[in-house]
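The values are calculated or read from the model by the stated rules, or taken from the named source; none is laboratory data. Just so it is clear, the structure is predicted and the values come from calculations on it, not from any experiment. No Cβ is skipped: glycine too gets one built from the backbone with ideal geometry, and neighbour counts run over all protein chains shown.
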Amino acid sequence: MGFSVNTNTGAMAALQSLASTNKSMSTTQSRINSGLNVGSTKDDSAAYTIAQTLRGNMQGLQAVSSSLGRAKSVTDVAVAGAEQISDIVNEMKKKAYEAADVIDQPSRDAINQDFTALRDRITTIVNSSDFNGTNLLKAGGGTVAALQSLQDGVTGGTWDPDALSVANQGLDLGGAVITVATGGQINTQAAAQAMVDTLTTTQTNLKTSLSTLGAASRKIDAQLSFTSKLSDVIESGVGNLVDADLAKESAKLQALQVKQQLGIQALSIANQAPQAIMSLFR
């Protein structure tokens with residue numbers, strides 16, 4: 001092999017090998033630091049774009065969860081209020097039975113006072129069953145509509161939300177459900193007898209309202225649970241696409257560090273080769 005002071009082929013080869021090792025070390029250290037095997041579209045365009053699409057879906061599911069959470073809060077407040085009203089109606093019917101009995105007027109008047117106090121509590125509960133400006137128990141208090149998925153609710157045309165809704169129940173006194181008038185009393189035997197029939201109708205109507213609210217609450221709970229599980233599955237899928245195997249990368253880094261040290265030593269030896277030419281002139 002000839003000697004040249006102008007070209008050190010061995011040093012150039014060692015330098016190229018060392019540069020390649022340093023680049024691999026930089027990539028491996030970046031993966032360890034970020035925890036990502038694919039952190040940029042430069043690493044793997046296909047995996048990166050798929051992961052970005054899935055991340056977008058996860059953000060959308062967070063919006064769905066928030067919407068369902070608000071709907072659940074409104075519905076649960078309404079359920080609590082409706083259950084309390086149902087208990088009050090039962091008590092009112094008991095008072096109506098007592099007042100319809102053959103009793104003296106002072107006793108009936110005392111029962112009527114209890115009855116009107118219970119009646120007015122219904123209005124208080126209805127007015128208090130408000131959450132964030134929506135009241136499902138008060139006529140005109142609004143309804144609930146919430147996103148339940150990211151799917152298009154209508155095929156074709158502009159995207160429409162796939163939403164679930166909960167109707168207003170209107171439990172105001174004198175309404176279609178609570179048929180007891182706002183001034184309803186049982187101060188006479190005849191009024192008490194008529195009130196028994198009115199309260200029987202009210203109880204039947206309340207069963208429907210309670211069933212509607214209960215079914216809506218269960219549906220929202222189920223959709224919230226499904227959305228949470230779906231989000232977890234998508235997050236796991238993104239991890240499978242882009243996450244780095246830290247144990248593997250750590251082992252690879254140690255091997256590269258050894259290779260780097262050997263490369264530096266090889267470059268040092270190659271750089272000393274031209275000095276051998278000087279011995280020819282001694």
Is it the case, given these coordinates, that V126 is under 40 Å from the mean Cα position of the chain (by Cα), touching a residue at least 60 places away in the same chain (Cβ under 8 Å) and buried (at least 18 other Cβ atoms within 10 Å of the Cβ)? no
Being surrounded by 17 or more Cβ atoms within 10 Å (Cβ to Cβ), more than 21 Å from L171 (Cβ to Cβ) and not hydrophobic (A, V, I, L, M, F, W, C) is the filter here; which residues of segment 109-123 pass it? N112
From A266, A247, which residue is small (G, A, S), farther than 23 Å from A78 by Cα and surrounded by 15 or more Cβ atoms within 10 Å (Cβ to Cβ)? A266
Name the single residue that is surrounded by the most Cβ atoms within 10 Å (Cβ to Cβ) among those in segment 150-159 being assigned to a loop (DSSP other than H, G, I, E, B) and either in contact (Cβ under 8 Å) with a residue 60 or more places away in the chain or out of contact with any strand residue (DSSP E or B) (no Cβ under 6 Å at 6 or more places or on another chain) (or both). V154
Any hit, segment 168-175, residues being at pLDDT 95 or above, of a type in the set (D, E, K, R) and outside any helix (DSSP H, G or I): yes
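Within segment 8-21, restricting attention to residues that are exposed (fewer than 15 other Cβ atoms within 10 Å of the Cβ) and not aliphatic (A, V, I, L, M), which residue is modelled with the lowest pLDDT?
T9
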Subset of segment 183-233 (residues that are surrounded by 14 or more Cβ atoms within 10 Å (Cβ to Cβ) and assigned to a loop (DSSP other than H, G, I, E, B)): G184, Q185, I186, N187, T188
Flag if A145 is within 30 Å of L224 (Cα to Cα), surrounded by fewer than 17 Cβ atoms within 10 Å (Cβ to Cβ) and in contact (Cβ under 8 Å) with a residue 12 or more places away in the chain: yes
Is there a residue in segment 58-74 that is more than 18 Å from the chain's Cα centre (by Cα) and buried (at least 16 other Cβ atoms within 10 Å of the Cβ)? no
